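Please read the structure below before turning to the comments.
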Amino acid sequence: MKIDNHTHYVTSDLKSFILRGIKESVKAGEDNRSERLTVKIIYSRGRIFQRHTGYAYLNGTFMCLRIPKEFLKKESFARLVMHEYDHVIGYRHRQMDWNYNIEWSNDYEIRVQVSAVKEKIDIQMVRYERTKKLLKEKQTQLKRLQTSIRKYTKRVKYYEKMSVNKANAVSQPIESMEREVDDIE
């Protein structure tokens, strides 16, 4: 059996309760379809009239049980489970025995799930930590840029020096040739 629980009640408690209701509902010689049954449990609609209602497909493998959010009455829930399971095994309303044995329902406990309390997150602290991390990243980027600037500044000076030296080297032979020409004249 698959339980699709959309309530705040403990799923294992609901499953054991439903299995017992099915066991009580099955008459001698009838087909027990609980193995392939899918049960969806949701809250009943409406705020004023919260009842135990449901539906199931005739000769099917699905039933939906609607239970109140506030006050779950075990007797009404047991009747609901047995009634809807009667539909699953093929009974229509006029074929059902409406005198369900529900004395067993008080033997079961249906607990409310305890939800974990979330810690309140200090948003300012989260933002502070994030900003600190970003500042460190930006400082690292700045250091890398400064190193890169120093490196390329040295390269520029090197190439400027080389170009000046080349210009001087080219101009020196010209000057010496001019002197030789002047000497010849």
- Task: List the lysines whose Cα lies under 20 Å from the Cα of LYS161, skipping any in the same chain that are fewer than 8 positions away.
- Result: LYS151
- Near the amide H of LYS40, under 5 Å away, which other amide H atoms are found, from residues 5 or more places off or on another chain, if H is placed in the peptide plane? ASP4, MET63, CYS64, LEU65
- Message: With both bridge residues required to lie in the chain, what share of the DSSP beta bridges run antiparallel, to the nearest 5%?
- Response: 35 percent
- Please list, in chain and number order, the residues 5+ apart from TYR9 or on another chain whose amide H is under 5 Å from its amide H, with Hs placed from the backbone. GLN113
- Task: Determine, from the Cβ-Cβ distance of LEU19 and MET125 and an R0 of 30 Å, the FRET efficiency 1/(1 + (r/R0)^6), rounded to the nearest 0.05.
- Result: 0.05
- Query: Over its Cα atoms, what ratio of radius of gyration to 2.2 N^0.38 Å does the chain give?
  - Reply: 2.71
- Task: At 20 Å minimum axial length over the Cα atoms and a Kyte-Doolittle cut of -0.5, report the qualifying DSSP H helices in the chain, or say none.
- Result: 11-25
- Message: What number results when the radius of gyration of the range 2-107, computed over Cα atoms, is divided by 2.2 N^0.38 Å?
- Response: 1.00
- Roughly how big is the chain's charge dipole about its Cα centre, with Cβ charges of +1 (Lys, Arg) and -1 (Asp, Glu), in debye to the nearest 20? 660 debye
- Please express the shape of the range 87-149 as an equivalent ellipsoid: the semi-axes are the square roots of 5 times the eigenvalues of the C-alpha gyration tensor, given largest first in whole angstrom. 70, 19, 8
- Query: When ranked by the protection proxy of mean other Cβ atoms within 10 Å per residue, highest first, what sequence do the peptides 138-149, 112-123 form?
  - Reply: 138-149, 112-123
- Message: Between TYR108 and ARG45, what's the calculated FRET efficiency when r is the beta-carbon distance and R0 is 25 Å? Round to 0.05.
- Response: 0.50
- Item | Qualifying lysines (Cα of each under 29 Å from Cα of LYS2; at least 8 residues distant if same chain) | LYS15, LYS23, LYS27, LYS40, LYS69, LYS73, LYS74
- Task: Counting other beta carbons within 10 Å of each Cβ, put GLU129, GLU84 in order, fewest first.
- Result: GLU129, GLU84
- Query: What nm distance separates the two modelled labels at VAL156 and LYS118, each placed 7 Å from Cα along Cα→Cβ?
  - Reply: 5.3 nm
- Item | Residue order, fewest to most surrounding Cβ atoms within 10 angstrom, among LEU134, LEU19 | LEU134, LEU19
- Which order do TYR55, TYR9 fall in if you start with the one that has the fewest other Cβ atoms within 10 Å? TYR55, TYR9
- Message: Can you list residues from other chains, or at least 5 along the same chain, whose modelled amide H is less than 5 Å from the amide H of GLY54?
- Response: ARG66
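Computed from the coordinates by the stated procedures, all read-outs in this text should not be read as laboratory data. Predicted model, so just to flag it, every value in this text is computed and none were measured. Counting neighbours? That spans all protein chains shown, and the Cβs are built from the backbone with ideal geometry, glycine included.
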